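The values are calculated or read from the model by the stated rules, or taken from the named source; none is laboratory data. Bear in mind that the values here come from a model prediction, so they are computed numbers and not experimental data. Here Cβ is always computed from backbone atoms with ideal geometry, including for glycine, and neighbour counts include all displayed protein chains. We work out accessible area using only protein heavy atoms, side chains counted, and drop any ligands, DNA or RNA first. Shrake-Rupley method; radii C 1.70, N 1.55, O 1.52, S 1.80 Å.
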Amino acid sequence: MSARLIDGRAAAEALRARLAIIADFFRASTGRPAGLATVLVGEDPASAVYVRSKIKATEEAGMHGLHHPLPAKTSEAELLALVDTLNRDDAVDGILVQLPLPKQIDSARVIDAVSPDKDVDGFHVVNAGRLAVGAEALVPCTPLGCLHLLTTELGDLSGANAVVIGRSNIVGKPMASLLLGESCTVTIAHSRTRDLPEVCRRADILVAAVGRAEMVRGDWIKPGATVIDVGINRVPGAAAGKTRLVGDVAFDEAREVAGAITPVPGGVGPMTIAMLLRNTQVAAHRRAGLKPPEDL
Ligand code: GUN
């Protein structure tokens, strides 16, 4: 039996189509488009590609993208001054400072300086705290995208055994909070977990976010489980000099056992940008005193 493929591209496209309608409503209600400010320090090619695709998606979704490229030698004080200006700018609903930052800048200090109400990455400690206590928060985009795929695939998640591999502040911890919020029984596994394969075999829902190519093997998976693969790892391809992308899960093995699984690419990845647009609309609505649509 082969697992159902969870199509993240189709889910992201559907969400973006809805967001375009919501963007029109916001613009009609307030007389201005929702605005997302992106900040890129330096010229790291991978980061530049990410930011460009975020700006393009922002404009396509009927929002205003304001990009701020800064030179690689920008000081922490200069970046903090820009963040302060964006915090005060009423046309800006969301602020995204692309990570990683050059080494002269303390990322934690910059994340801390972004107004929690404009923190569309959901990285600020206030949003992490709000999520942890079940209050209204801006939630990191990748785990939010994973949850959207899971609820679309499974409906009600309550009572399911969920195992999250990885304990990062960006994916693992917020993912665990979201699953707990859906009344799953949640285990966070990590590099020190004893007998990881056995822990994974208990999972009805398995979320892999470790950043190690094909670490999760087919025999770690409970038959019929839903597998969400957050990993994006570049490995040598079949042809000389070529590379290919693989997830944290050994896909060909896992799909023979799982009930449903996200592919890499085309699974979680496309959802992340869609959720950034979603978070920007949510932030814009809240800032304007409007209620964001319930099921967004
Ligand atoms: N760098 C890689 N992923 C992300 C992300 O989701 N947000 C930000 N700000 N930087 C990143």
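Which members of region 235-268 meet the condition of being within 16 Å of the ligand (Cβ to nearest atom) and surrounded by fewer than 21 Cβ atoms within 10 Å (Cβ to Cβ)?
Hits for region 235-268 are Leu245, Pro265.
Could you grab the pairs with beta carbons closer than 9 Å, sequence gap of 6+ or different chains, first residue in region 34-57 and among the acidic types (Asp, Glu), second one open to solvent by 20 Å² or more (accessible area, probe 1.4 Å) and within 11 Å of the ligand (Cβ to nearest atom)?
Asp44/Pro100
If I filter region 96-109 down to residues being in contact with a strand residue (DSSP E or B) (Cβ under 8 Å, 6 or more places away or on another chain) and more than 11 Å from the ligand (Cβ to nearest atom), which single residue comes out as least open to solvent (accessible area, probe 1.4 Å)?
Ile105
For region 77-86, enumerate the residues that are within 16 Å of the ligand (Cβ to nearest atom) and farther than 8 Å from Ala37 by Cα.
Leu79, Leu80, Leu82, Val83
Only one of Thr280, Thr272, Thr262 is of a type in the set (Ser, Thr, Tyr) and farther than 13 Å from Thr142 by Cβ; which?
Thr280 is the lone residue from the list that is of a type in the set (Ser, Thr, Tyr) and farther than 13 Å from Thr142 by Cβ.
Give region 264-296 a look and list any residue that's within 30 Å of Val235 (Cα to Cα) and assigned to a loop (DSSP other than H, G, I, E, B), or say none.
Residues satisfying the conditions are Val264, Pro265, Gly266, Gly267.
Would region 101-119 turn up any residue that is basic (Lys, Arg) and more than 24 Å from Leu290 (Cα to Cα)?
For region 101-119, residues basic (Lys, Arg) and more than 24 Å from Leu290 (Cα to Cα): present.
Quickly run through region 68-95 and pick out the residues that are farther than 18 Å from Asp119 by Cα, part of a strand (DSSP E or B) and either at pLDDT below 95 or open to solvent by less than 70 Å² (accessible area, probe 1.4 Å) (or both).
Leu70 - this is the single residue of region 68-95 that is farther than 18 Å from Asp119 by Cα, part of a strand (DSSP E or B) and either at pLDDT below 95 or open to solvent by less than 70 Å² (accessible area, probe 1.4 Å) (or both).
Only residues in region 98-111 that are more than 16 Å from Pro140 (Cα to Cα) and of a type outside the set (A, V, I, L, M) count as the first member; pair them with residues that are more than 10 Å from the ligand (Cβ to nearest atom) and open to solvent by 40 Å² or more (accessible area, probe 1.4 Å), Cβ under 8 angstrom, at least 6 apart or cross-chain, and list the lot.
Pro102/Ala72; Pro102/Lys73; Gln104/Lys73; Gln104/Ser75; Arg109/Leu80
Do you know which of the residues in region 113-136 that are assigned to a helix (DSSP H, G or I), away from the ligand (no atom under 15 Å from the Cβ) and in contact (Cβ under 8 Å) with a residue 24 or more places away in the chain is surrounded by the fewest Cβ atoms within 10 Å (Cβ to Cβ)?
Among those residues, the one meeting the criterion is Ala132.
Condition check ((1) farther than 30 Å from Pro223 by Cα; (2) buried (at least 16 other Cβ atoms within 10 Å of the Cβ); (3) within 16 Å of the ligand (Cβ to nearest atom); (4) at pLDDT 95 or above) across all residues:
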position	(1), (2), (3), (4)
Ala11	no, yes, no, yes
Arg18	yes, yes, no, yes
Ala23	yes, yes, no, yes
Ala28	yes, no, no, yes
Pro33	yes, yes, no, yes
Val39	yes, yes, yes, yes
Ala46	yes, no, yes, no
Glu59	yes, no, no, yes
Ile111	yes, yes, yes, yes
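Is it the case, given these coordinates, that Thr272 is more than 16 Å from the ligand (Cβ to nearest atom), of a type in the set (S, T, N, Q), open to solvent by 10 Å² or more (accessible area, probe 1.4 Å) and closer than 25 Å to Val51 by Cα?
When the stated conditions are applied, Thr272 does not pass them.
Output the qualifying pairs, or none if there are none: Cβ atoms under 8 angstrom, residues six or more apart or on different chains, first residue in region 160-181 and on the phi > 0 side of the Ramachandran plot, second residue open to solvent by 10 Å² or more (accessible area, probe 1.4 Å) and within 16 Å of the ligand (Cβ to nearest atom).
The qualifying pairs are Gly166/Ala209; Gly166/Val210; Gly166/Gly211; Gly166/Val230.
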